[in-house]
1. Restricting the search to segment A:154-181, which residues are over 18 Å from residue A:217 (Cβ atoms) and surrounded by 19 or more Cβ atoms within 10 Å (Cβ to Cβ)?
2. Can you tell me how many residues in segment B:112-122 are under 17 Å from residue A:127 (Cα atoms) and more than 7 Å from chain A (Cβ to nearest Cβ)?
3. Return the only residue of A:240, A:219 being touching a residue at least 60 places away in the same chain (Cβ under 8 Å) and not in a helix (DSSP H, G or I).
4. Kindly list the number of the only condition in (1) closer than 29 Å to residue A:101 by Cβ; (2) not assigned by TED's automatic domain parsing to the domain that holds residue B:172 that fails for residue B:102.
5. May I ask you to verify whether residue A:239 is closer than 23 Å to residue A:124 by Cβ and within 11 Å of chain B (Cβ to nearest Cβ)?
6. Please work out which residue is surrounded by the most Cβ atoms within 10 Å (Cβ to Cβ), limiting yourself to segment A:60-95 and to residues that are free of Cβ contacts under 8 Å to residues at least 40 places away in the same chain, more than 8 Å from chain B (Cβ to nearest Cβ) and not in a helix (DSSP H, G or I).
7. Return the only residue of A:31, A:10 being assigned by TED's automatic domain parsing to the domain that holds residue A:74, assigned to a strand (DSSP E or B) and closer than 23 Å to residue B:114 by Cβ.
8. Can you tell me which of (1) without any contact (Cβ under 8 Å) to a residue 60 or more places away in the chain; (2) more than 9 Å from chain B (Cβ to nearest Cβ) is the one residue A:186 doesn't meet?
């Protein structure tokens, strides 16, 4: 039996009761080193399978083998396992095996970042990743344009990394064709970890911001989003 | 002090550790009757403020008054408080009061429904509500079209209700102009409650489905979404 478990934004506080129960109950907890290290402090008696970055397929194949040996294994994923996480890949790797797979949802970065910033996702929003490792840049560009045309709030995952530092700035160029320069935006870095940093600024400012990296989640407001008392708010439309 | 707490998909299992801690710590837990009833069983010693539907502004005004009296109050919202929930309204009602407000994120229905269905949100997605109580239908229509043009997976909240049973069918009409009739779709009803029901079908079938109501979350696949072994999957693009 394989459980793919979203652990939330990055500390034990963000785990759901269900996720905690599954982690405690499983024989093996498997995942990327950084997240396993977070869990180790709280689950001292557990067997851990620890992996470097970019070993996602190997993790799933190993999980399948452990499961075939009759072990209960929890494959952990930061945020929600079903949002750019391990859920889909695990289901694909296990196709035809007959092994049972259960996905345990968690709080994804869009929602944990939004909570830190105020309430920017109170109206319709898109979640889009700027990683062009597996999605061609033309498709990402098409999606950014569509999100602007629909006046969605835009939540950006994987805005930039060492290998593709220019993706976020290129995305901002597209956004600025459709949105005013003073559109309220924000980023949250290291959600829920010791070095949490969040900042609200304009679209023009965030385009020039040097702090946007792979640990950052960015939110771009829609035409109704505003800043009040340090909070980023997209109104739902209640009369008050 | 006011905490706006997302309680997740509808039972105690879906609460995060942080949300549980806040609920236990607060003097008063406030919210819609259905969700308060869920909490009552597990927090027997608590003072509850119980409200009917459509009393959202009153709940926030009361919370503000309790907070001014020095009470710690938890205003609960199903799913994530920041997604069509109480977070934004509470921040707006409290503007100028000087009362401190903290938003505690939860697992929103898009992610809990996706976990039940498989992994349909593994690539870029939109979250859109079909409730035209506060958003004009023309804007909803514009967003559905934009979501199709961007080939996003589409997660629909509030698809239909007694007062607007036709909204979902009208939305499907728009989607079918852009997407093949056999696009994989699914709905989840009563996520995590006793009467959970989920079904995977085509876009054509879901348009005719009579089970779509206000307790339902609907997911419409993108051009890559497929069904395998009873699971709805949007591939991320890993080579396996």
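1. Once the filter is applied, which keeps residues that are over 18 Å from residue A:217 (Cβ atoms) and surrounded by 19 or more Cβ atoms within 10 Å (Cβ to Cβ), segment A:154-181 yields only A:179.
2. Of the residues in that region, 2 qualify.
3. None of the other options fit; the residue is A:219.
4. That leaves (1) as the condition not met.
5. yes
6. Looking at the filtered set, the residue picked out is A:69.
7. Checking each option against the conditions leaves just A:31.
8. (1)
The values are calculated or read from the model by the stated rules, or taken from the named source; none is laboratory data. Keep in mind it's a predicted model, so treat the numbers as computed, not measured. Methodologically, a virtual Cβ is constructed for each residue, glycine included, from the backbone with ideal geometry; neighbour enumeration extends over all protein chains shown.
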